[in-house]
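Notes to accompany the following structure.
The values are calculated or read from the model by the stated rules, or taken from the named source; none is laboratory data. None of these values were measured; they are calculated from a predicted model. In this analysis, Cβ positions are derived from the backbone assuming ideal geometry, glycine residues included, and neighbour counts consider all displayed protein chains.
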Number of protein chains: 2
Amino acid sequence: MAGSSSQIQVNFGEPRSFAKTLRSHCKETFFPDDPFRQFKNEKGRGKVKKVLQYFVPIFDWLPQYNLQKFKFDLLAGITITTLAIPQGISYAKLAELPPIIGLYSSFIPPIIYTIFGSSKHLAVGTVAACSLLMAETIATIAPPKDNLTLYVHLIFTSALITGIFQTTLGVLRLGILVDFLSHSTITGFMGGTAVIICLQQLKGLLGLKHFTSHTDVVNVLKAVFKNKDEWKWQSALLGVIFLIFLQGTRYVRQKKPKLFWVSAMAPMVVVVFGCLLAYFAKVEKYGIQTVGHLHKGLNPISIQDLNFDSKYLPYVIKSGIITGMIALAEGIAIARSFAIMENQQIDGNKEMVAFGLMNIVGSFFSCYLTTGPFSKTAVNYNSGCKTPMANLVMAIGMMLTLLFLAPVFSYTPLVALSAIIMSAMLGLINYEEFFHLLKVDKFDFCICMACFFGVAFISMDYGLILSVGLALLRALLYVARPATCKLGKIPDSVLYRDAEQYPGVTTDPRILALQLGSPIYYANANYIRERILRWIRDEEDNSNPEGGVVEHVLLDLSGVSSIDMTGIESLAEVYKLLDSKRIKVKLINPRIEVMEKLIRSHFVEKIGKESIFLTVQDAVEESSFSLNRDKSNF
Amino acid sequence: MAGSSSQIQVNFGEPRSFAKTLRSHCKETFFPDDPFRQFKNEKGRGKVKKVLQYFVPIFDWLPQYNLQKFKFDLLAGITITTLAIPQGISYAKLAELPPIIGLYSSFIPPIIYTIFGSSKHLAVGTVAACSLLMAETIATIAPPKDNLTLYVHLIFTSALITGIFQTTLGVLRLGILVDFLSHSTITGFMGGTAVIICLQQLKGLLGLKHFTSHTDVVNVLKAVFKNKDEWKWQSALLGVIFLIFLQGTRYVRQKKPKLFWVSAMAPMVVVVFGCLLAYFAKVEKYGIQTVGHLHKGLNPISIQDLNFDSKYLPYVIKSGIITGMIALAEGIAIARSFAIMENQQIDGNKEMVAFGLMNIVGSFFSCYLTTGPFSKTAVNYNSGCKTPMANLVMAIGMMLTLLFLAPVFSYTPLVALSAIIMSAMLGLINYEEFFHLLKVDKFDFCICMACFFGVAFISMDYGLILSVGLALLRALLYVARPATCKLGKIPDSVLYRDAEQYPGVTTDPRILALQLGSPIYYANANYIRERILRWIRDEEDNSNPEGGVVEHVLLDLSGVSSIDMTGIESLAEVYKLLDSKRIKVKLINPRIEVMEKLIRSHFVEKIGKESIFLTVQDAVEESSFSLNRDKSNF
């Protein structure tokens, strides 16, 4: 029984106390990034300061702020302001809101984010997908054409719900929920919404007056072709010219990243050109509609307008929570990607609180849902922003616009806004990513396509739910059918590896070594029992009659991270069944959590401490030894 | 760079084709027990025979049947008949059905099970929990006291739905769904229903005429004490005497298992004694109610009575599916436990088809939901049954009863039935198991108690859903927060094990080896990234300033059974972040599925083949080598 490591003992120590394991589990679940490490060891005033800096990040970066940094932030802030004006108006139109609300939403929320936000690159603003989804949900219960005031108030209330929801998630450190929106789902959702938003723009592009309230491809195309007599070629021509110009600047940016400002300024150019055209050429008489009157003045207070009528509340809550989830997933994913480019880290839960606060405060000042949109953040990053101060600059720019320039934009032709939205959306259909998914992981591709086609052909929330459901199903299948494999010895080594992966390995037909997947618990306990028995049957069928039958089964538990009662019972059943067939069961390298439960449930006593080994090699040697001894006894 | 196994290469072979992996995944998901192996290699008539024997198990065992076996089955069959009559009547009362339907349900279904069933010990019959649950659901839409005929027809329809549902699950091999009802849930559910069923029996025991249609503890106790003036002491006394007798025989069986027939016959004794008492002592005048008229004659055909009215259908389907799931979980669990005692295996999917067929056919002949109840099966097993033939004997016994003896049982006092049910239920509250769960696995205990208290204080379906929800949440937490641990070298060996589990291990502060849990995918990808970075931070905080900082991070992937796109991206982000800090990342022993995706997504190219090792030891040696080389270069 000599082995390279047989002198080393398995640790059968006393299981850890319940309080200790509970504390460690809670920590892993809610504080995996150990957020309070910075001030754990501080004391007195130092601690207060660190805590304040942690919860209100502006205290962290403002003391080190200087003119040098401000120069960069000023430039970036001005650039994103020129983008925020046309985008704000466009997305507000998409949400069927008065356009001015889009501008309001770029004034208050960025100020809040400057104080509480921890991402250096994120630029705050409204987003297309959430605007449309919100409109779709609220319009079913309170159509804006029937009562615009009610509709607007419900949208504010929905933003408040979003804010409360996001803040709560962040405070309770439930960022884990956002993790269940997978990358594939988000990719599919972005693509699907981009398609339907582009189709929605056909209304503006063709100058239609009648349209559908549905968002799916079939209904929208039907509405477009049913109202063929309303098509205006002048509007379409102007739209196509704008679109070509916008896509052209985008192409320039792709070729020469240094010229990013060309594409960042392009929407503003389109709007200004459109306004001039509308003012001087009187385009209204050709059927080209404009935005219409825009009030001068800052955000009116809307806290008294929040509507919690129980008739609408379920829809408002639904819209608030779904858009809140999407906004979080999008915002945090974007903040993370840019942070990684700069080798920094983002605390997702802290960002959630910042997003939540900005939506809560926003809803009191006539703003609707805001998050960190991709296009604006990318422009902000490329403009060289250094701190969240760029958002404050944008807020000031927006304030000046609201105070002095708002009426100017009332001449903006709707077709210009449609072209801006379309151009932004075309960039969100990520063909390359679809193809990459198809190549690497077919199931991820299905999850992505379920979302894409669900959003495009059914509705946004169904597409999302379908895709999340598929992803959860996959997660459950992962755990319900863990991989098991047969191990063989790699020649001239003490290593045992998967016989399928390493075809050169050698095995002894009388000793079957299996590696079990992880974790073993109720949803897969039956499967694992059946699978172990099938491995034995297969092994006995394959070995030639003289080769003998399986006499030792070694279960490698190295990969089993945890086990529950049903799992332990399954192991006990396997042990009992095999014992009756005179097959010996040996366990290899149970991890700490598994070992603790095996000890507590007295399974270790049943199987015997001498049947638990630290390595496959040890167990195989011991088995061979006992096989030879049995033989020599005959 | 010498190592015990460094000459052995990691397998970077071509990934398997999509068709091959898909086929293997489908096989693992739906056919883990390889059910068709018996006739895979057969040909011609032999194959037809084997297929027939597989799908209709009676062809498998009947040819070997003989008189010797029949003797045992006859005895067992008679014993379970004496149990089936009182249980059938009792549970039918529990389901608010005419008592004769309980007898019908023990006639047709056992015949079907004899043909299609594959368990040798299972005895078919109605069960208390499902009877009550069905009554609770259907009575909300069609109360039996308003229209008993409609209620009965809906119960038959519900049994048909159950049958179709169970057959479909079995044919589609979706036994995996039943696996999601964990052992802890079932234990809690059994205990909870036992409590509320016992409380329900207070109605019969105290001879109440008015009662509540609710099942929860609070409402039932309220109803019992509100109708205090209806209490009959004669009834209560008789009930207590019966109960003491029944519990006494149960105690005898526990002490002397050979005398199992005493407790098996006891309910019949109680019924016969009760009938005699009612007949001769005219107990009715003391307020003790009896079962009332029972028709002579076999099951009437009920196929024309099935009611698919859309008004009731949702409730019928809900009741059919929920009771179907519970009946399956209970029946299969019981069949499995007895099979394991005899070292046999049960094909869960085949049993589902047998249960489904017996419920479908049953619903055509005035039977309601049947499955394999624990008490009857235990008696059957103890009586020494050899084949499903015992069920046929019971069916014949029941036929004779229906044809000739039914009217006799009309004298059975309700209090006798209540005592029988109570006695059966008291045995289902498994205190020891509760305590065992509390000791071994606190979360399993919570799942169990959620079901127990949910069923007892809210309602049966909510208790069940609550518990299944908790169990799913746990499953998702398992995968969202996989265990990671730091590895250290066990002295005098080449083994690397968890530093927490094996406190004696040695580590090099410049080389951090981490073992990752499994699988890595979207729900835990963020967590794993954060966790790896935290390990590095902790390591750097702990090591003394002179000790140097982490320069190599080794990720042991042996336990990672699969990975998805988001997971790969997370690894790529970790690689990028660490690369920027000049920390080298090395992967150890990726399993076949993980390796395939790493190759397809070009991650292997990015990190370099030379950074992937077969063992932790190899990677550590290579890292130490490069550390020493770097040092000597200075």
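Is there a residue in the range A:454-468 that is closer than 28 Å to A:S213 by Cβ, within 13 Å of chain B (Cβ to nearest Cβ), among the aliphatic types (A, V, I, L, M) and touching a residue at least 24 places away in the same chain (Cβ under 8 Å)?
Checked the range A:454-468: at least one residue is closer than 28 Å to A:S213 by Cβ, within 13 Å of chain B (Cβ to nearest Cβ), among the aliphatic types (A, V, I, L, M) and touching a residue at least 24 places away in the same chain (Cβ under 8 Å).
Can you say whether B:V56 is surrounded by fewer than 16 Cβ atoms within 10 Å (Cβ to Cβ) and under 30 Å from B:S366 (Cα atoms), as far as the supplied structure shows?
yes
Checking A:S561 against (1) without any contact (Cβ under 8 Å) to a residue 12 or more places away in the chain; (2) among the hydroxyl-bearing types (S, T, Y); (3) closer than 26 Å to B:L487 by Cα, which test does it fail?
In the conditions (1) without any contact (Cβ under 8 Å) to a residue 12 or more places away in the chain; (2) among the hydroxyl-bearing types (S, T, Y); (3) closer than 26 Å to B:L487 by Cα, A:S561 misses (1) alone.
In the range B:15-45, what residues are of a type in the set (D, E, K, R), modelled with pLDDT of 75 or more and surrounded by fewer than 11 Cβ atoms within 10 Å (Cβ to Cβ)?
B:K20, B:K43, B:R45, listed by residue number.
In contact with an Asp or Glu (Cβ under 6 Å, 6 or more places away or on another chain), surrounded by fewer than 24 Cβ atoms within 10 Å (Cβ to Cβ) and of a type in the set (K, R): does that describe B:R481?
So B:R481 fits the description; yes.
Take the conditions in a helix (DSSP H, G or I), without any contact (Cβ under 8 Å) to a residue 40 or more places away in the chain and either more than 14 Å from chain A (Cβ to nearest Cβ) or surrounded by 23 or more Cβ atoms within 10 Å (Cβ to Cβ) (or both) and apply them to B:E610. Does it pass?
Spelling it out, B:E610 is indeed in a helix (DSSP H, G or I), without any contact (Cβ under 8 Å) to a residue 40 or more places away in the chain and either more than 14 Å from chain A (Cβ to nearest Cβ) or surrounded by 23 or more Cβ atoms within 10 Å (Cβ to Cβ) (or both).
Among what's in the range B:552-582 and is at pLDDT below 85 and in a helix (DSSP H, G or I), pick the residue that is surrounded by the fewest Cβ atoms within 10 Å (Cβ to Cβ).
My answer is B:T566.
Determine if the range B:521-542 includes at least one residue that is in a loop (DSSP other than H, G, I, E, B) and not aromatic (F, W, Y).
There is no residue in the range B:521-542 that is in a loop (DSSP other than H, G, I, E, B) and not aromatic (F, W, Y).
Looking at the range A:278-288, which of its residues are surrounded by fewer than 18 Cβ atoms within 10 Å (Cβ to Cβ), in contact with a helix residue (DSSP H, G or I) (Cβ under 8 Å, 6 or more places away or on another chain), at negative phi and not charged (D, E, K, R)?
Matches in the range A:278-288: A:Y279, A:Y286.
Counting only residues that are in the same structural domain as B:I360 (by TED's automatic domain parsing) and over 30 Å from A:D541 (Cβ atoms), give me the helices (runs of 4 or more DSSP H) lying completely in the range B:41-118 with at least 1 of them.
Once the helices (runs of 4 or more DSSP H) in the range B:41-118 are filtered for at least 1 residues that are in the same structural domain as B:I360 (by TED's automatic domain parsing) and over 30 Å from A:D541 (Cβ atoms), what remains is B:67-94, B:99-104, B:108-116.
What number of residues within the range A:95-105 satisfy the criterion of being within 27 Å of the chain's Cα centre (by Cα) and closer than 16 Å to A:P267 by Cα?
The number of residues fulfilling the criteria is 1.
Against the condition under 19 Å from A:L533 (Cα atoms), assigned by TED's automatic domain parsing to the domain that holds A:S561 and among the acidic types (D, E), how does A:D618 come out, does it pass?
When the stated conditions are applied, A:D618 does not pass them.
Can you confirm whether the range B:554-569 contains a residue that is closer than 30 Å to A:H436 by Cα and more than 39 Å from the chain's Cα centre (by Cα)?
Checked against the condition, which is being closer than 30 Å to A:H436 by Cα and more than 39 Å from the chain's Cα centre (by Cα), the range B:554-569 yields at least one hit.
Test A:N307 against the stated conditions and say whether it is at pLDDT 85 or above and in contact with a Cys (Cβ under 8 Å, 6 or more places away or on another chain).
No; evaluated as a whole, the condition is false for this residue.
Tell me, please, whether a residue that is among the small types (G, A, S), touching a helix residue (DSSP H, G or I) at 6+ places or on another chain (Cβ under 8 Å) and within 14 Å of chain B (Cβ to nearest Cβ) can be found in the range A:57-79.
no
What residue, among those in the range A:569-605 that are among the β-branched types (V, I, T) and more than 7 Å from every other protein chain (Cβ to nearest Cβ), is nearest to B:S337 (Cα to Cα)?
A:V574
Working only within the range B:16-40, note down all residues that are farther than 29 Å from A:K439 by Cβ, part of a helix (DSSP H, G or I) and within 9 Å of chain A (Cβ to nearest Cβ).
Of everything in the range B:16-40, just one residue is farther than 29 Å from A:K439 by Cβ, part of a helix (DSSP H, G or I) and within 9 Å of chain A (Cβ to nearest Cβ), namely B:R37.
Report the residue count in the range A:72-101 for those that are touching a Lys or Arg at 6+ places or on another chain (Cβ under 9 Å) and not polar (S, T, N, Q).
8
Residue under question is B:G297, and the condition is that it be over 33 Å from the mean Cα position of the chain (by Cα) and either loosely packed, with under 15 Cβ neighbours inside 10 Å or charged (D, E, K, R) (or both); does it hold?
yes
Considering only the range A:251-260, I want to know if a residue exists there that is of a type in the set (S, T, N, Q), crowded, with 19+ Cβ neighbours inside 10 Å and in the same structural domain as A:T81 (by TED's automatic domain parsing).
No: the range A:251-260 contains no residue that is of a type in the set (S, T, N, Q), crowded, with 19+ Cβ neighbours inside 10 Å and in the same structural domain as A:T81 (by TED's automatic domain parsing).
When both residues are 6+ apart or on different chains and their Cβ atoms are under 8 Å apart, which pairs have a first residue that lies in the range B:476-490 and is within 7 Å of another protein chain (Cβ to nearest Cβ) and closer than 17 Å to B:S558 by Cα, and a second that is at pLDDT 80 or above and part of a strand (DSSP E or B)?
Pairs that qualify, where the first residue is within 7 Å of another protein chain (Cβ to nearest Cβ) and closer than 17 Å to B:S558 by Cα and the partner is at pLDDT 80 or above and part of a strand (DSSP E or B), are B:P482/B:I520.
Check every one of the helices (runs of 4 or more DSSP H) wholly within the range A:128-232 and list those with 2 or more residues that are within 18 Å of A:L313 (Cβ to Cβ) and assigned by TED's automatic domain parsing to the domain that holds A:F242.
A:128-141, A:148-171
Any residue in the range A:344-358 that is away from chain B (no Cβ under 14 Å) sitting within a Cβ distance under 8 Å of a residue that is surrounded by fewer than 21 Cβ atoms within 10 Å (Cβ to Cβ) and aliphatic (A, V, I, L, M)? List the pairs, counting only those 6 or more apart or interchain.
The qualifying pairs are A:V353/A:V171; A:G356/A:I164.
Quickly run through the range A:428-453 and pick out the residues that are in contact with a Gly (Cβ under 9 Å, 6 or more places away or on another chain) and free of Cβ contacts under 8 Å to residues at least 40 places away in the same chain.
A:Y431
Could you run through the range B:378-397 and say how many residues are surrounded by fewer than 24 Cβ atoms within 10 Å (Cβ to Cβ) and either within 20 Å of B:L132 (Cβ to Cβ) or not β-branched (V, I, T) (or both)?
Looking only at that region, the number is 10.
Among B:L177, B:L237, which is modelled with pLDDT of 85 or more and surrounded by fewer than 20 Cβ atoms within 10 Å (Cβ to Cβ)?
One residue alone meets the criteria, B:L237.
Cβ-Cβ below 7 Å, separation at least six or inter-chain, first residue in the range B:536-548 and within 14 Å of another protein chain (Cβ to nearest Cβ), second at pLDDT 80 or above: which pairs?
B:I536/B:L512; B:I536/B:V550; B:I536/B:V553; B:E539/B:P509; B:E539/B:L512; B:E539/B:V550; B:E540/B:V549; B:E540/B:V550
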